[in-house]
Each structure stands twice: as structure tokens, then as C-alpha cells.
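Asker: This is the structure I have questions about; it appears just below.
Nothing in this text is a laboratory measurement; each read-out follows from the coordinates by a stated rule. Worth saying up front: this structure is predicted, and the values here are computed from it rather than measured. For neighbour counting, all protein chains shown are included, and Cβ atoms are generated from backbone atoms with ideal geometry for every residue, glycine included.
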């Protein structure tokens, strides 16, 4: 396990334990992280008390099927603050959770299915009492997993900040 993997795992363990202590529920709708955030949240014993469920919506169609308005994607692109926010809202509604994460972006290569993709560009929204949206450019990583881990780490920092 790399040091970043260890760091990220510890952060998500802290997040899950904090959510349990506070009696808060969380859900995710993930695209470019492919469910890694949900997986990390559920690596801690007792996580079923806080994780209501999650969506991995890798394609545009999957996002729309789970409640992201097609018009948002058509108007702003799948890689946008608006889409990340709509993903978080749709997941929050589906699972009636207090905290929701939406994340979309392009990792190391151009997405052949979406002309608006820019490698390394990621958008995510954290919903808890208000919206915290972020657009980040991820530096080149050696593997797709490293990209996912990098993004999961950024999102962990934001979750920790808003639930403290």
C-alpha cells in the first residue's frame, strides 16, 4: 500500500466514524472515481449505519437514468460544476441522505464519447447544508487508480472540512 493509499484510507475511516458519531448519512454519485469513495467509506466497521447507498454512473445515460436532468448535461456538458451538483442532488434525493457527493471528470486521456473532455479536469460537489463545488486540474498520474485516489483524497479533505 502506498503512503497516499494509507493516508486516504485513514481519512475515510475518520469520516465514517465522525458520521456515525453525528448520526449523519452519506451517499455518492461517482463517475470518474468509479465508486472508490463509496468503497472507502464502507471500509470501516459500522459504515452501514451511515452509507445509505451509492451510484456509479460512468456513462451520460447512467447519470440521466439516476436523476441528472439531460438538459444539464446538454447545456453545460457532462464535465461541469452544474453536472457534479446535479449528480449530488440526484443521489441525495434517491437516498434521503444529509450529505451527498457528485463527481465527474476526465482522468488521463480524452473521453471519446464526450468532446468536452480535458484530461485531468475534475468537477465535484459536496452537499451538506449548502453546496461546496470544486473544479480541479489533476497533475499527470502514473495510473488511472492513482488519478482516482488523488481525487478521493481531495474529496475527503472537503468532507472532513464541512462535517467538523
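Asker: Within the chain, what percent of beta bridges assigned by DSSP are antiparallel, to the nearest 5?
Answerer: Details: 14 of 24 bridges.
If we restrict to bridges inside the chain, about 60 percent are antiparallel.
Asker: On to the next question. For segment 117-141 and segment 1-72, compute the distance between their C-alpha centroids and round to whole Å.
Answerer: Each part's Cα centre sits 15 Å from the other's.
Asker: Can you sort 11, 129 so the residue with the fewest Cβ neighbours within 10 Å comes first? If you can, show how the numbers build up before the last one.
Answerer: Details: 11 18, 129 9.
Starting with the residue having the fewest Cβ neighbours, the order is 129, 11.
Asker: Next up: Match the structure shown to one of the listed values (i) 1.36; (ii) 1.19; (iii) 0.96 of Cα Rg over 2.2 N^0.38 Å, computed from it, and give that label.
Answerer: Correct label is (iii).
Asker: Once you've got the GNM for the chain with C-alpha springs shorter than 10 Å, pick whichever of 47, 75, 117 has the biggest mean-square fluctuation.
Answerer: In the Gaussian network model the winner is 75.
Asker: How many nm separate the modelled label positions at residue 24 and residue 62, each set 7 Å beyond the Cα in the direction of the Cβ?
Answerer: 2.6 nm
Asker: Per-residue ellipticity at 222 nm for the chain, helices alone: DSSP H runs ≥ 4 residues times -39500 (n - 2.57), over residue total, nearest 500 deg cm²/dmol?
Answerer: Roughly -14000 deg cm²/dmol at 222 nm, from the helical runs in the chain.
Asker: Please work out how much length the chain gains when fully extended from residue 70 to residue 5, using 0.36 nm per residue of separation minus the C-alpha to C-alpha distance, in nm with one decimal.
Answerer: Working it through step by step, the gained length comes to 19.9 nm.
Asker: Spin-label point model (7 Å from Cα, Cβ direction): what's the residue 136 to residue 39 distance in nm?
Answerer: 1.8 nm
Asker: Can you tell me which of 65, 51, 107 moves the most in a GNM of the chain? Springs connect C-alpha atoms under 10 Å apart.
Answerer: With Cα springs under 10 Å in the chain, the top fluctuation among 65, 51, 107 is at 65.
Asker: Which residue fluctuates most in the GNM of the chain (Cα springs below 10 Å): 74, 62, 86?
Answerer: 74
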